[in-house]
Amino acid sequence: MADNFQVTKDGKLKHLLSIDGLSKEIIIDIFNMAESFLKIGSRDVKKVPLLRGKTVCNLFFENSTRTRTTFEIAAKRLSADVINLDIPTSSQSKGESILDTVNNLIAMGADIFVVRHGIPKTPEIIAKAVNNDVHIINGGDGNHAHPTQGLLDSFTIRRFKKEFSNLKVAVVGDIKHSRVARSEVCALSTLGVPEIRVVGPDNLMPDDLDNLNLIHFNDLKKGLKDVDVIMMLRLQKERMEDGDIPSEEDYFKQFGLKRDHLRIAHPDAIIMHPGPINRGIEIESEVADCKQSVILSQVTFGIAIRMAVMTMLISKKL
Amino acid sequence: MIKLPSAQDLILKLENQIKLILDDSTCLIGIPTGGHLIIKQLCKNLGDHLNYGLIDGSFYRDDLDISGVKIKEKTSNINFDIENKKVILIDDVFYTGRTIRAAINELFDYGRPKEILLFVLVDRMKNELPIKPTYSAYELNNDKGDYINLVEERNILSFEVKNIGR
């Protein structure tokens, strides 16, 4: 259990480091606010002045396109100024420590940092070191957490399925190396999803599987039976060791989502993927583009969720 | 505790004033929650050939770090063009003028109306900005700082007044 210093004593969100430790009430507040921001995204003028004068700093020590871009769009739609730090060319490569980099940016007036780092808990270390009026959002740390992805995925489920209390959800793929899976599972169990299945080969399952109250299937067909939501994961090749999977072809044969599988799941099941998609490895190309796929909605909803999180960090507790 | 006239009577006065200035370009936009309740009644009496909408303004307020963002059940909803239209903003109570300032700012992100008017049931005469209602059905001259709110019960609108000891 993460200690809960991301939420203040009176229940206000101060940092967003992991979904572990967030109450159902805070998550629902974020969803309801995101709902209003979705409407702004469909207007001609897609901007509101909520964060005018604030500075959001994207600090990405690992590659990202979607997350970084959607954080940037979210901040700009709130009228904040955005600084994207290109780490390979920054002072980091000249040997400056992360905290020194952060403190320099705070001295330049940064209010919110979105931090992505390969080492778990780096955002938490930064959050513990900064003063009260600076806020840290975890944009993905190693295999630990990716809270905004977990929030936007469960928000997507709420948009399509309305209720959580009657759902069967299958998370398919490389659970062990996936921070997305951890955040998704945590969000869904907080929101009261009664049945969460994890589907994948034994060696891609986390060691603490039993503590997480999940049902493990190592057969895709059995794992997908009657599910309402299919959440595919990307193979985290960068975090794998040799021999974790036999070959991409074999993996696709056993665990790639194909057209035939959709008949096993509930007829209205939605298909999700956090991106980037490896077509022909985790998911058949045709399935990624089929009617039941909500993969691009996830991207749109991700902007609204990130706007809501940034607003909640800056806003005074109601 | 302050005494207010019946809300239904004030809505009738407001409706009669609106009838005097209605033309082809008029649209009625309510500010939730009170303005939404009034709009629902006006829609019944003035007919659904007019354009009705809602503007919330919460994301345009100046007090994010003082009072936070309030998530309302009813948020902005304008699904018609306001360009060159006569927009009548409708709210239950006019107090400091800050809500209206925020609503007007948001309105301009939907287009450039020909004119914006403000019709309210009660003017508390405590404006903090150079903004005043075009028409108010009732002016409150002995404001004690109570909390005044329009509420709906069995389709009847009435004022809820709470003494919050300001």
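Every number here is computed from the coordinates shown, using simple stated rules; none is lab data. Note that this is a predicted model, so its numbers are computed, not measured. Using ideal geometry, Cβ is built from the backbone for each residue, glycine included, and neighbour counts are taken over all protein chains shown.
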What list of ³J(HN,Hα) values in whole Hz, one per residue of region A:47-60 in order, does the Karplus curve 6.51 cos²θ - 1.76 cosθ + 1.60 (θ = phi - 60°) give from phi, with Gly and Pro shown as x? 10, 10, x, 4, 10, 4, x, 8, 10, 10, 10, 8, 10, 10
Relative contact order (%) - chain B, alpha-carbon pairs under 8 angstrom, separation at least six: 26
Selected from A:Arg197, A:Arg234, A:Arg43 as most flexible by GNM, with chain A as the system and alpha-carbon contacts under 10 Å: A:Arg43
With 10 angstrom as the radius, rank A:Ser23, A:Ser189, A:Ser183 by how many other C-beta atoms surround their C-beta, starting from the fewest. A:Ser23, A:Ser189, A:Ser183
Of B:Val120, B:Val87, B:Val151, which has the largest mean-square fluctuation in a 10 Å C-alpha GNM of chain B? B:Val151
Which listed residue (B:Ser6, B:Gly53, B:Ile156) has the Cα farthest towards the positive end of the charge dipole for chain B, taking +1 on Lys and Arg C-beta and -1 on Asp and Glu C-beta about the Cα centre? B:Ser6
Assigned charges on the beta-carbon of Lys, Arg, Asp, Glu; the protein assembly as shown dipole about Cα centre (debye): 1100
Convex hull volume of the Cα atoms in region B:18-166, per residue, in Å³? 124
Can you give the Kirkwood hydrodynamic radius for region A:147-298, in Å, rounded to one decimal and based on Cα pairs? 15.1
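If the only charges are +1 at each Lys and Arg Cβ and -1 at each Asp and Glu Cβ, what is the size of the charge dipole of region A:147-298 around the Cα centre, to the nearest 20 debye? If you can, show how the numbers build up before the last one.
Numbers: 21 positive and 25 negative charges, 136 e Å.
Result for region A:147-298 is approximately 660 debye, rounded to the nearest 20.
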Once amide hydrogens are built 1.01 Å from N within the peptide plane, the residues lying 5 or more places from B:Leu54 or on another chain with amide H under 5 Å from its amide H are B:Gly30, B:Asn77, B:Ile78
CD proxy, 222 nm, the protein assembly as shown: helix-only mean residue ellipticity via -39,500 (n - 2.57) per DSSP H run with n ≥ 4, per residue, nearest 500, stands at -9500 deg cm²/dmol
What whole-number value in cubic angstrom gives the convex hull volume per residue for the C-alpha atoms of region A:120-169? 105
For a bin width of 5 Å, list the pair-distance distribution of region A:1-157 built from all Cα-Cα distances, rounded to whole %. 2, 8, 17, 22, 23, 16, 8, 3, 1
If amide H atoms are modeled at 1.01 Å from N in the peptide plane, then the residues at a separation of 5 or more from A:Val172, or on another chain, having amide H under 5 Å from its own are A:Val199, A:Met231, A:Met232, A:Leu233
Which distance in Å, rounded to a whole number, links the C-alpha centroids of region A:250-318 and region B:120-164? 48
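Determine, for B:Arg124, A:Arg179, the number of other Cβ atoms within 10 Å of each Cβ, and report the residues in order from fewest to most.
Sorted ascending by nearby Cβ count, the order is B:Arg124, A:Arg179.
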Summed side-chain charge close to B:Pro5 - residues other than B:Pro5 whose Cβ falls under 12 Å, Lys, Arg +1, Asp, Glu -1: 0
Size of region A:28-113 along its principal axes in angstrom, Cα-based, largest extent first? 44, 27, 25
In debye, nearest 20: dipole of region B:64-166 around its Cα centre with unit charges on the Cβ of K, R (+) and D, E (-)? 140
Quick one: P(r) of the protein assembly as shown from all Cα-Cα pairs, 20 Å bins, percents rounded to integers, in order of increasing distance. 22, 45, 27, 5, 0
GNM top mover of A:Pro206, A:Pro246, A:Pro194 - chain A, alpha-carbon springs below 10 Å: A:Pro246
With every atom except the alpha carbons ignored, what do you get for Rg and Dmax of region B:1-52, in angstroms? 12.0, 42
Which helices, counted as full DSSP H runs in chain A, have an axial Cα extent of no less than 18 Å and a Kyte-Doolittle average of -0.5 or above? A:24-41, A:147-161, A:295-314
Of A:Ser247, A:His216, A:Leu296, farthest towards positive along the dipole that unit charges on Lys, Arg, Asp, Glu beta carbons give region A:147-298: A:Leu296
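What's the long-distance tail for region A:183-223, i.e. % of Cα pairs beyond 16 Å?
When all Cα pairs of region A:183-223 are counted, 35 percent exceed 16 Å.
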